[in-house]
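Right, one structure below, let's go through it.
The values are calculated or read from the model by the stated rules, or taken from the named source; none is laboratory data. Please read all numbers here as calculations on a predicted model, not as lab measurements. Glycine also receives a Cβ, built like all others from the backbone with ideal geometry; neighbour counts cover every protein chain displayed. Surface areas here come from the heavy atoms of the whole protein model, side chains and all, with no ligands, DNA or RNA. Shrake-Rupley method; radii C 1.70, N 1.55, O 1.52, S 1.80 Å.
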Amino acid sequence: MKKIFSMLALVILTVMLCGCFGDLLLLEDGEPADITVDYLLKRMDRATDPDKVYANVKSYYMKQILTNDNVNGSEVNVSEIYWKAPNYMKQISSRNGEVLNIIVSKDNRFWYVNPKTKKSREIKGKDALLVKTFTDIATPGLDYKKVFHSVTIDQILDPEQERTVYRLICRVKDPEIAPYVFYVDPKTWLTDRCETILYGPDGSQRLYVANSKEYEVVNKVRMPKKTLVTVDGKTETATTVEFTFNPDIPLSTFDLEKPWNH
């Protein structure tokens, strides 16, 4: 269940491309933790999904709305995820009612789908590794240690919270891809913050910070009601408006049209 908060926090990372993370995500040295990774993961599970409700779902639908106010008025981004066991997922991102991106995952293969023509293009290489990581994070029942190549733990003084927290540093196999860093409250065992790097199709790199706020219990599962997402100093409020367990999602939801360039 701990991964659900990673997924909620990272839900707008629909277009993730590869690259080096350079100096954007600087990790200060922490102190040795007084607990192990396994112990922390168990406590996080117990705090969020004690009855294994989320871990045992066979399908889910999630809708999250991200809003921000700017000089041009209010902008609304929407992300929807359809997931079905064992490994089917479809993510749709839209802005102000217009679909911008669609990604389909099944059988450990991944495709971009053109929202206008509905034609698809398979994602390969490092881009596929990034999408696979997100897909695994969004898959119920998978432990962080199964999602990532390595997971380490330490303790660090969190300047935002002004207190010591546990820090999980999760890395994929490719050393050029930035780690996912999670800060965990040592009293509640809930994730306070997530940091990583967002890669753009033009090669740009942006620091991504998500702060989980207002945890609440829904269907016996403790989850953040909203998350403050900051990219390049611009903050959006992400609110989960629907999260349905075990809906009837037909396999046709994940069908692909004729591939691009064919």
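Would you point out which residue out of 122, 176, 98 is open to solvent by 70 Å² or more (accessible area, probe 1.4 Å), modelled with pLDDT of 90 or more and either over 30 Å from residue 35 (Cα atoms) or in contact with a helix residue (DSSP H, G or I) (Cβ under 8 Å, 6 or more places away or on another chain) (or both)?
Just a single option satisfies the conditions, and that option is 98.
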So which pairs qualify, if the first residue must be in region 147-168 and among the small types (Gly, Ala, Ser), the second must be open to solvent by less than 20 Å² (accessible area, probe 1.4 Å), the Cβ gap must be under 8 Å, and the two must be at least 6 apart or on different chains? 150/170
Could you tell me which numbered condition residue 256 fails, if it satisfies all but one of (1) aliphatic (A, V, I, L, M); (2) under 22 Å from residue 82 (Cβ atoms); (3) in a strand (DSSP E or B)? (3)
Going by the conditions given, is residue 165 surrounded by 16 or more Cβ atoms within 10 Å (Cβ to Cβ), more than 27 Å from residue 128 (Cβ to Cβ), at pLDDT 95 or above and hydrophobic (A, V, I, L, M, F, W, C)? yes
Can you pull out the residues in region 165-196 that are among the aromatic types (Phe, Trp, Tyr) and farther than 15 Å from residue 208 by Cα? 166, 189
Condition first: in contact with a strand residue (DSSP E or B) (Cβ under 9 Å, 6 or more places away or on another chain) and in a loop (DSSP other than H, G, I, E, B). Now tell me which residues in region 149-186 satisfy that. 149, 160, 161, 172, 173, 177, 178, 179, 185, 186
Out of all the residues in region 1-47, which are at pLDDT 95 or above and among the polar types (S, T, N, Q)? 36
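Does residue 191 satisfy the condition of being open to solvent by 20 Å² or more (accessible area, probe 1.4 Å) and either touching a Pro at 6+ places or on another chain (Cβ under 8 Å) or of a type outside the set (D, E, K, R) (or both)?
no
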Condition test on residue 196, is it in contact (Cβ under 8 Å) with a residue 40 or more places away in the chain and out of contact with any helix residue (DSSP H, G or I) (no Cβ under 6 Å at 6 or more places or on another chain)? yes
Failed condition for residue 136, given (1) open to solvent by 70 Å² or more (accessible area, probe 1.4 Å); (2) over 18 Å from residue 193 (Cβ atoms); (3) acidic (Asp, Glu), with all others met? (1)
Determine whether region 146-158 contains at least one residue that is open to solvent by 20 Å² or more (accessible area, probe 1.4 Å) and aromatic (Phe, Trp, Tyr). no
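Scan region 162-183 for residues that are hydrophobic (A, V, I, L, M, F, W, C) and within 20 Å of residue 149 (Cβ to Cβ) and jot them down. If you could, list the steps in order and put the result at the bottom.
Residues of region 162-183 hydrophobic (A, V, I, L, M, F, W, C): 165, 168-170, 172, 177-178, 181-182.
Hits for region 162-183 are 168, 169, 170, 172, 177, 178, 181, 182.
Does any residue of region 242-251 turn out to be of a type in the set (Asp, Glu), open to solvent by less than 50 Å² (accessible area, probe 1.4 Å), on the phi < 0 side of the Ramachandran plot and touching a residue at least 24 places away in the same chain (Cβ under 8 Å)? Please lay out each step first, then the result.
Keep residues of region 242-251 that are of a type in the set (Asp, Glu), which gives 242, 248.
Now restrict to residues that are open to solvent by less than 50 Å² (accessible area, probe 1.4 Å): none.
No; the residues of region 242-251 include none that is of a type in the set (Asp, Glu), open to solvent by less than 50 Å² (accessible area, probe 1.4 Å), on the phi < 0 side of the Ramachandran plot and touching a residue at least 24 places away in the same chain (Cβ under 8 Å).
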Just a yes or no: is a residue in region 212-226 part of a helix (DSSP H, G or I) and open to solvent by 70 Å² or more (accessible area, probe 1.4 Å)? no
Neighbours by Cβ (under 8 Å, 6+ apart or cross-chain): first from region 36-53, in contact (Cβ under 8 Å) with a residue 24 or more places away in the chain and under 18 Å from residue 155 (Cβ atoms); second among the charged types (D, E, K, R) and open to solvent by less than 80 Å² (accessible area, probe 1.4 Å): 41/2; 41/143; 44/2
